[in-house]
Amino acid sequence: QVQLVESGGGLVQAGGSLRLSCVASGIIFSSDTMGWYRQSPGKQRELVARILGGSNTNYADSVKGRFTISRDNAKNTVYLQMNSLKSEDTAVYYCNLDRFGRSGLKIREFWGQGTQVTVSS
């Protein structure tokens with residue numbers, strides 16, 4: 001079993017920065033994909049950024065150039081550096097870990113409890 005614990009959320013003014021952290025405990029494989037999703041009231045959960053087992057990254061178009069995802073495999077930790085924050089970035093941010101089988105298909109997914117990010121305009 002994998003547990004994910006997020007930290008770093010809070011209240012920030014527009015244009016400011018925050019850094020989210022997610023520590024994974026349990027058996028973690030370097031091939032696991034880790035990422036950040038967010039959900040605001042009335043909207044579906046959406047991908048923000050993810051980092052694949054190597055160092056390949058994906059970003060939502062809305063955060064490209066402002067957010068950076070990184071991973072420290074030795075600490076089983078994934079980070080999300082958020083700069084130039086906008087009011088529309090306000091949401092609960094969830095850490096995610098996806099595990100894939102030898103076939104390349106996803107076989108498990110794990111979620112953190114979420115951390116609130118509020119950007120005031």
A chain fully extended from Q116 to R45 at 0.36 nm per residue, minus the present Cα-Cα distance, gains in nm 24.2 nm
Averaged per residue, the 1.4 Å probe accessible area of the chain, protein heavy atoms only, in Å², is roughly 55 Å²
Filtered pair list for the chain (Lys only, Cα < 25 Å, 8 or more apart or interchain) has a length of 5
Note: probe point = Cα of V5 + 7 Å toward Cβ; backbone nitrogen < 14 Å; residues of the stretch 90-115 passing the test are 112-114
Residues meeting the amide H criterion for F67 (H placed from the backbone, H to H distance under 5 Å, 5 or more places apart or on another chain) are N83
Note, the stretch 66-77: 3J(HN,Hα) by Karplus (6.51, -1.76, 1.60, θ = phi - 60°), whole Hz, Gly/Pro = x, goes 10, 10, 9, 9, 8, 9, 10, 5, 5, 9, 6, 10
Heavy-atom accessible area of the chain with neighbours in place, 1.4 angstrom probe: carbon+sulfur share in percent works out to 47 percent
Reported to the nearest 10 Å², I28 has, with a 1.4 Å probe, an accessible area equal to 40 Å²
Karplus-derived 3J(HN,Hα) from phi for the stretch 111-116 (6.51 cos²θ - 1.76 cosθ + 1.60, θ = phi - 60°), whole Hz, x at Gly and Pro, runs 10, x, 7, x, 9, 7
With the label point 7 Å along the Cα-to-beta-carbon line of K106 and a cut-off under 16 Å to each amide N, the hits in the stretch 37-55 are 37-39, 44-53
Under a 1.4 Å probe, counting only protein heavy atoms, E46 has an accessible area in Å², nearest 10, of 80 Å²
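The values are calculated or read from the model by the stated rules, or taken from the named source; none is laboratory data. No experiment lies behind these values; they were computed from the predicted model shown. Cβ atoms come from the backbone with ideal geometry, glycine included; neighbour counts cover every protein chain shown. Remember, those area values only see protein heavy atoms, side chains included, never the ligands or the DNA or RNA. Shrake-Rupley method; radii C 1.70, N 1.55, O 1.52, S 1.80 Å.
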